[in-house]
Amino acid sequence: MMRSKYFCATAFLMAGGILWAQVPEIPFDGNINFLKAPANIHLGEAAGVATDSKGNIFVYTRTGGEDVTMGGSRFFSHGGSRLFEFDANGKYVREIGTGVYGFLFAQSVRIDPQDNIWAVDRGSNNAIKFDSSGRFLQVLSRKPEAINPGGGPEGGGARGGGGEGRGAAPAAAGGGRAGGGRGRGGVQGDSFNRPTDIAWDPQGNLFISDGYSNARIVKLDKTGRFIKAWGTKGSEPGQFDMPNSVAVDSNGNVYVADLNNKRIQVFDNEGTFKSQITNVGAPWTICISPGARQYLYSSNSNPPDSFDNGEIYKMELDGKVLGKFGTAGKLVKEFGTVNAIDCRNPNALYVGEVTNWRVQKLTLHAAK
């Protein structure tokens, strides 16, 4: 029997019942050999991928080992992640931030509207800004000074690394400062603890999903000064259980991939809850395309220890599902835990795959 291009995959909750709706499959091509790195450079877990306005491609990867040096009674950690740039044709250009203090455990990379490069590191608790030439400009939050041999960090909060996605255990707030002053619990000077993503509104304000331990969104002004934070751990509207990704639309609305609650929450620019999207599985990462008509992409990625799900959804901003594509696996057009989506061109996506150690270029086609 011929396989239909439509199949049941999405459940909508209506009046206490479940109505199964058919979701169209979006035809697409995949290219896993698009990036051409030198023979001595290898990608590890491709945690982040992003493009700039010129089409250059940036990959933040968990490549190489984290080095730990014993100093007195404490361990000092460094290394473990690298940031690479490729041109629009996939040719290797350079490495950025070689040996930088905050590169420990890559989580995401994003490009702001001025083509500055931002690396979010889950190990150092940092969001690190470089200009388009690769020069370091700014760091948000603070890397723990050392690791106590007894298991706890010293001088700045919980150490990242370890654990992926769903079911990560909560930890006390810590990490480094997100602004001036001191404090905890969503006040100026509060600390990131294993942050996951970063996005900007049209005014240049920054939104950081502080996900693995703090379960919140932090809003900063364009200079990096703290404005506010919202969210606690839970399942109610405005609460989060692993906010793993964040995106902002052209009206300044904030979209949060609430991974373990299997929903995308939508807030206004001040953090007031507006709506939620619950029909696209567990959103591992999200992306909103630019332009007059914006689209929302969300990866219902498989956890690293399974081949369940894996598809990516394309939606209108109101959550209407336009289609889906892909599934979990190791082959071309299959995905291994998509931790990053770049959708600057809504029909030519780049996805970073953690368990397949690669970036895959996807070209979407109109349904026949």
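Could you identify the single residue in GLY16, GLY99, GLY65 that is at pLDDT below 90, surrounded by fewer than 13 Cβ atoms within 10 Å (Cβ to Cβ) and more than 24 Å from PRO195 (Cα to Cα)?
None of the other options fit; the residue is GLY16.
Give segment 235-252 a look and list any residue that's without any contact (Cβ under 8 Å) to a residue 60 or more places away in the chain and within 22 Å of GLN203 (Cα to Cα), or say none. Outline the logic, then answer.
In the first step, residues of segment 235-252 are kept if they are without any contact (Cβ under 8 Å) to a residue 60 or more places away in the chain; the result is 235-241, 243, 246-248, 250-252.
The answer is VAL246, ALA247, VAL248, SER250, ASN251, GLY252.
Tally time: how many residues in segment 313-339 are farther than 18 Å from ARG293 by Cβ, open to solvent by 10 Å² or more (accessible area, probe 1.4 Å) and among the hydrophobic types (A, V, I, L, M, F, W, C)?
Residues in segment 313-339 being farther than 18 Å from ARG293 by Cβ, open to solvent by 10 Å² or more (accessible area, probe 1.4 Å) and among the hydrophobic types (A, V, I, L, M, F, W, C): 3 in total.
Please enumerate the residues belonging to segment 209-234 that are without any contact (Cβ under 8 Å) to a residue 60 or more places away in the chain, surrounded by fewer than 16 Cβ atoms within 10 Å (Cβ to Cβ) and of a type in the set (D, E, K, R).
ASP221, LYS222, ARG225, LYS228
Take ALA127 and tell me if it is among the hydrophobic types (A, V, I, L, M, F, W, C), open to solvent by less than 20 Å² (accessible area, probe 1.4 Å), touching a Lys or Arg at 6+ places or on another chain (Cβ under 7 Å) and at pLDDT 95 or above.
Judged against the criteria, ALA127 is not a match.
Answer yes or no: is there a residue in segment 257-267 that is part of a loop (DSSP other than H, G, I, E, B), in contact (Cβ under 8 Å) with a residue 40 or more places away in the chain and not acidic (Asp, Glu).
Let us first name the residues in segment 257-267 that are part of a loop (DSSP other than H, G, I, E, B), namely 262.
Cutting the leftovers down to in contact (Cβ under 8 Å) with a residue 40 or more places away in the chain gives us none.
So far as segment 257-267 goes, no, none of its residues is part of a loop (DSSP other than H, G, I, E, B), in contact (Cβ under 8 Å) with a residue 40 or more places away in the chain and not acidic (Asp, Glu).
Taking segment 35-55, which residues are open to solvent by less than 30 Å² (accessible area, probe 1.4 Å) and part of a loop (DSSP other than H, G, I, E, B)?
Initially, segment 35-55 is screened for residues open to solvent by less than 30 Å² (accessible area, probe 1.4 Å), giving 41, 44, 46-52, 55.
If the condition is that a residue be open to solvent by less than 30 Å² (accessible area, probe 1.4 Å) and part of a loop (DSSP other than H, G, I, E, B), then ILE41, GLY44, ASP52, GLY55 are the ones that fit.
What pairs can you find where one residue is in segment 356-367 and farther than 10 Å from LEU43 by Cβ and aliphatic (A, V, I, L, M), the other is exposed (fewer than 13 other Cβ atoms within 10 Å of the Cβ) and modelled with pLDDT of 95 or more, and their Cβ atoms are less than 9 Å apart, with a gap of 6+ or different chains?
That search, which allows pairs on different chains as well, returns LEU362/ASP29; LEU364/ASP29.
Quick one: which residue in SER298, SER275 is in contact with a strand residue (DSSP E or B) (Cβ under 9 Å, 6 or more places away or on another chain), assigned to a strand (DSSP E or B), more than 26 Å from ILE111 (Cα to Cα) and in contact (Cβ under 8 Å) with a residue 40 or more places away in the chain?
Matching residue, one of SER298, SER275: SER275.
Restricting the search to segment 191-208, which residues are open to solvent by 10 Å² or more (accessible area, probe 1.4 Å) and either touching an Asp or Glu at 6+ places or on another chain (Cβ under 8 Å) or modelled with pLDDT under 95 (or both)?
Those that are open to solvent by 10 Å² or more (accessible area, probe 1.4 Å) and either touching an Asp or Glu at 6+ places or on another chain (Cβ under 8 Å) or modelled with pLDDT under 95 (or both): SER191, ARG194, TRP200, GLY204, ASN205.
The values are calculated or read from the model by the stated rules, or taken from the named source; none is laboratory data. Small disclaimer: the values here were computed from a predicted structure and weren't measured. A quick note on method: Cβ atoms are made from the backbone with ideal geometry, for glycine too, and the neighbour counts reach across all protein chains shown. Note: areas computed on protein heavy atoms with side chains; ligands, DNA, RNA excluded. Shrake-Rupley method; radii C 1.70, N 1.55, O 1.52, S 1.80 Å.
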